[in-house]
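Please read the structure below before turning to the comments.
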Amino acid sequence: MRYPQGGGLTAERRAFRGHIRMQAAELFTLGHDNAVVARQLCVSVRSVQRWHQAWERGGTSALESKGPASRPRLSEALFEVLEQELARGPVAHGWPDQTWTLARIKTLIGRRFHKSMTLSAIAQMLHRHGFSHQVPARRALERNEEAVTGWMKETWPHVKAP
């Protein structure tokens with residue numbers, strides 16, 4: 001089951017599933033058939049077959065949880081370094097203005113950590129750490145209202161799809 005913030009299973013649900021796999025390992029040692037194990041644990045036969053193959057190859061330890069399926073690409077230590085880099089600002093990293101975009105952060109992560117992440121993964125990671133997108137509270141001092149109004153009246157109708 002997926003969740004909107006962070007995805008994957010909760011830690012409790014992962015532990016529950018791990019407990020079921022350990023019960024299956026006990027039944028494998030007793031020599032029970034895959035279909036019997038599946039019926040007894042209320043899971044699919046195909047899942048039990050996969051567990052049984054893993055158990056035959058690696059024993060009970062092969063059935064232990066490996067953690068969340070989608071681990072964060074940046075460890076907590078690396079994220080702290082990323083925070084420090086973000087605090088330095090985009091100009092310090094070669095961009096002409098003081099605006100952080102997801103694309104710029106992606107480039108920074110690639111340059112600094114040699115890791116590739118999707119824009120949505122970066123957005124989720126930043127959201128998990130308390131960052132949010134921000135919209136300026138007021139208009140820029142350099143904004144020319146007459147030029148904007150003229151553009152909206154003259155140019156926009158020609159650019160807009162017919």
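No lab work stands behind these numbers, since they all come straight from the coordinates. All figures in this text were calculated on a predicted structure; none of them were measured in a lab. Here the Cβ is made from the backbone with ideal geometry for all residues, glycine too, and neighbour counts use every protein chain on show.
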> Where does the chain land at 222 nm, in deg cm²/dmol rounded to the nearest 500, when only DSSP H runs of n ≥ 4 count, each adding -39500 (n - 2.57), divided by all residues?
Replying inline: -16000 deg cm²/dmol
> Distance in nm between label sites at Ala147 and Ser120, each 7 Å beyond Cα in the beta-carbon direction?
Replying inline: 3.7
> Pulled fully out, how much extra length does the chain show between Ala137 and Glu26, if you take 0.36 nm times their separation in residues and subtract their Cα-Cα distance?
Replying inline: 33.8 nm
> Using the beta-carbon distance between Leu41 and Thr101 and R0 = 41 Å, what value does 1/(1 + (r/R0)^6) give for FRET efficiency, to the nearest 0.05?
Replying inline: 0.25
> Candidates [x] 1.03; [y] 1.24; [z] 0.97; which is the computed Rg/Rh (Cα atoms, Kirkwood Rh)?
Replying inline: [y]
>> Rounded to the nearest angstrom and ordered from largest down, what semi-axes does the equivalent ellipsoid of the range 76-152 get from its C-alpha gyration tensor (root of 5λ)?
In response: 30, 14, 12
> Are there GluC sites (Glu not before Pro) in the range 43-128 that DSSP puts in a loop and that have at most 16 other Cβ atoms within 10 Å, and which ones?
Replying inline: Glu64
